Amino acid sequence: MRSRVFILIAIAAAAAVFAATQLVANNYVFFAGYVVLQFVVLATAWNILGGYCGYVNFGSAAFFALGAYSAVALHKFDPGKPIEVCVQFAFLIERLQVNLGCYHLDVSFLAPVFPLPIPALIVAGGIVSGIVGFGMGYLTLRLRGSFFAIATLALAVVLQTLIVNWDYVGGSRGAYVIRPANLEVFGHQIPYIEYLFLLMLMLAALAVFIARTIERSRLGFGFATIRDDELAAEASGVPTLRLKLIATTISGALMGMAGAPFPYYIGYLEPSSAFGLAYAVNSIAMPMIGGTGTWIGPLVGALLLGTIQQVATVTISSAVNLLIVGVLLVAFVIIAPNGLVGFIEQRRRAKVQ
Amino acid sequence: MDFPVELLINAIIAGVLLGGFYIAVTVGVSISFGMLDIVNIAHPAFIILGSYIAYIVNSTFGLDPVLVGLLMLPVFYALGAAVYQVYYLSFEKRGQEALRGLAFFFGILFITEVALILVFGVDYRYAEAAYIGPALRFAFVDLPYRMLIPCVISLAMLVALQVYLSRTFVGRAIKAVSQDQGALALMAADPIRIKRIAFGISIATAALAGAFLVILQPVEPSVGREYIGRVFAIAVLGGLGSLPGTVIAAMLLGIAESITATFYGPSWAPAVAFGFLLLTLAFRPSGLLGR
């Protein structure tokens with residue numbers, strides 16, 4: 001499939017999905033569809049590092065929450081008030097504080113741009129998560145592969161601690177983000193949830209497009225050499241550290257972008273929901289079940305598992321459906337290590353021979 | 001400026017006792033991650049499982065939690081050996097431990113937590129024993145028994161393990177298996193069997209650690225996640241595979257967390273372990289006593 005044809009097909013598919021939702025009068029389709037698409041972005045982002053390079057990221061929830069909280073922080077930001085910057089050093093207790101004075105920064109010139117539109121928040125969330133991904137990678141990717149995985153696991157706990165202690169974004173109490181009921185576009189009123197759904201649809205298309213482009217580029221071949229034999233890659237002159245950092249940054253940024261519209265979707269964001277285990281486990285389980293190493297695996301896994309979970313949450317319970325995901329993950333890595341896509345491919349090859 | 005010296009001394013002593021408990025929590029990972037190169041991120045899940053078993057037996061039969069922990073040792077050893085067998089056949093044998101092996105342990109961690117939530121809910125559970133509550137007091141220093149007992153038994157367990165690993169044939173084989181499997185096979189020791197034994201021991205320590213945990217604090221299923229960062233921070237800081245290093249690192253983290261909790265508030269304590277981990281990885285990835 002040529003790239004231009006692929007883009008056309010992707011746009012046609014996205015348009016068809018959107019047209020299909022227009023036929024349904026029920027808004028629930030948008031709420032459920034948004035979550036499924038969000039998982040498409042997360043699974044695809046995870047696969048860029050995990051599937052292509054072979055480095056496991058357990059902190060998807062952290063990157064996702066970073067995006068969401070960047071959006072909350074910018075949402076709450078009021079350029080009318082000057083920013084107070086205080087320089088102080090505190091040793092152990094308040095009594096030993098040294099204050100070096102406070103400065104007021106006038107930021108009222110920013111007033112015309114605020115409140116920022118959601119696409120700008122998505123970009124901001126992507127930048128923040130990308131930077132954190134880069135920093136984490138820089139510290140841990142020079143060491144043995146498992147150190148990176150462990151550090152991402154711990155990252156989620158620590159970022160949650162920071163957010164819980166940060167009052168500006170609501171702390172442990174959480175933050176309300178009131179979204180308008182409708183959005184005016186060229187004089188038309190469209191329900192806000194449709195707007196969010198459309199944004200997430202575009203983001204999902206973008207993520208899949210990026211993953212597919214990487215897969216077929218020099219970059220993707222470099223990633224594959226790291227996954228298959230890092231030592232041999234290094235020896236043949238592949239700049240492994242640089243490539244790994246690129247993968248971590250892209251992957252983290254996409255996860256942050258998926259998180260940025262979330263506060264507007266959910267309306268009330270609290271640390272335990274933003275850092276929910278569901279994000280971490282799903283963004284690993286979906287590519288693993290769909291098949292790692294290709295762009296189509298995470299897409300299939302996310303659409304399949306995401307839809308099953310939406311149905312199971314309504315009909316059974318949300319705890320049970322997480323248990324199902326966990327069991328499926330373990331079952332697939334043991335029995336079908338190449339996922340559904342790998343399994344089907346194997347069957348097809350067996351038939352041909 | 002009056003610096004609260006008494007508060008600081010109490011915080012340090014509480015930290016040492018906490019560090020003793022962290023030894024029990026970490027020693028299993030020091031063996032599995034440090035000596036066998038198995039990244040068992042599900043270790044805290046086994047600890048929580050131990051806590052819940054201790055809680056159930058304690059609340060229904062009134063048995064002492066530490067005694068339950070000791071009785072669970074063989075059960076957890078068998079569980080660990082079984083888990084290793086699955087891990088070996090599915091991942092190590094096929095050379096897929098890096099990506100899929102990690103996902104496997106993550107799945108176990110996740111399944112345990114969700115299953116415990118489904119069965120017990122998210123209520124906090126705690127054990128009852130005579131020594132939970134009273135404390136030894138010297139002048140202004142408090143030594144609560146609930147922290148003293150886990151600390152002493154953990155240290156005893158560590159000494160026993162250290163003697164076992166350095167004096168017996170199997171113990172030495174465990175230390176050797178990560179260095180050269182082929183050479184070990186030539187010494188008439190089956191590397192897979194040795195690894196199975198070592199992983200069994202590593203999970204068995206989780207039974208005791210779980211019993212200590214339910215004595216120390218009320219337990220709910222997601223508590224385990226807080227220990228992932230701590231456990232690996234200690235194992236890496238101590239120097240992978242070094243049990244004396246584990247003791248030093250556990251004490252250091254315990255003291256640092258205790259001081260943080262005393263002077264800045266307990267909600268900051270989880271961040272300390274991560275700071276330790278990142279600093280270690282950045283400046284001395286081989287740890288304090290690492291080779």
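Bear in mind that the values in this text are calculations on the coordinates, not laboratory data. A quick note: this is a predicted structure, and the numbers were derived from the prediction, not measured. Here the Cβ is made from the backbone with ideal geometry for all residues, glycine too, and neighbour counts use every protein chain on show.
Here are the numbers:
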read-out	value
Neighbouring partner chain Cβ atoms per residue of A:318-327, average, 10 Å criterion	4
Among A:Ala235, A:Ala260, A:Ala156: highest mean-square fluctuation, GNM of chain A, C-alpha pairs under 10 Å	A:Ala235
Relative contact order computed over chain B (Cα-Cα under 8 Å; 6+ residues apart), in percent	38
Theoretical FRET efficiency, 1/(1+(r/R0)^6), r = Cβ-Cβ of A:Ala235 and A:Ile308, R0 30 Å, to 0.05	0.10
Convex hull projection area averaged over all views, the range A:157-250, Cα basis, nm²	10.2
Values of log10 I(q)/I(0), in the order q = 0.13, 0.15, 0.17 Å⁻¹, for the range B:34-174 under a Debye, Cα-only, solvent-free model	-0.79, -1.00, -1.17
Reference-scaled alpha-carbon Rg (2.2 N^0.38 Å with N residues) for chain B	1.00
Per-selection metrics, the protein assembly as shown (Cα): Rg and Dmax in Å	25.8, 84
Segments B:274-285, B:160-171 sorted - mean Cβ within 10 Å per residue, highest first	B:274-285, B:160-171
Separation between Cα centres of the range A:215-238 and the range B:6-24, rounded to whole Å	47
Within 10 Å of each Cβ in B:31-40, the average number of Cβ atoms from other chains	1
The range B:192-291 shape via C-alpha gyration tensor axes, a/c threshold 1.5	oblate
Contour minus Cα-Cα distance for A:Arg142 and A:Phe343 (0.36 nm per residue)	69.0 nm
Debye, to nearest 20: dipole size of the protein assembly as shown, +1 on Lys, Arg Cβ, -1 on Asp, Glu Cβ	1840
Partner lysines for B:Lys195 [C-alpha distance under 17 Å; skip if fewer than 8 residues away on the same chain]	B:Lys93, B:Lys175
The range A:216-353, Cα convex hull volume normalised per residue, Å³	155
Within 10 Å of each Cβ in A:151-164, the average number of Cβ atoms from other chains	6
Peptides A:144-153, B:196-205 ordered by average Cβ neighbours within 10 Å, highest first	B:196-205, A:144-153
Qualifying aspartates and glutamates (Cα of each under 17 Å from Cα of A:Lys76; at least 8 residues distant if same chain)	A:Glu84, A:Asp106, A:Asp167, A:Glu270
Cα gyration tensor shape of chain A, rounded if a/c is under 1.5, else prolate or oblate by comparing a/b with b/c	oblate
Relative packing of peptides A:220-233, A:119-132, B:247-260, B:229-242 - highest average C-beta neighbours within 10 Å first	B:229-242, B:247-260, A:119-132, A:220-233
Rounded FRET efficiency, nearest 0.05, which uses the C-beta distance separating B:Leu186 from A:Tyr28 and R0 of 51 Å	0.20
Only Lys, Arg (+1) and Asp, Glu (-1) charged, at Cβ; the range B:5-283 dipole about Cα centre in debye	640
At least 18 Å along the helix axis (C-alpha) and Kyte average at least 1.0, DSSP helices within chain B	B:5-29, B:43-61, B:65-87, B:102-120, B:145-167, B:191-216, B:223-238, B:243-264, B:269-283
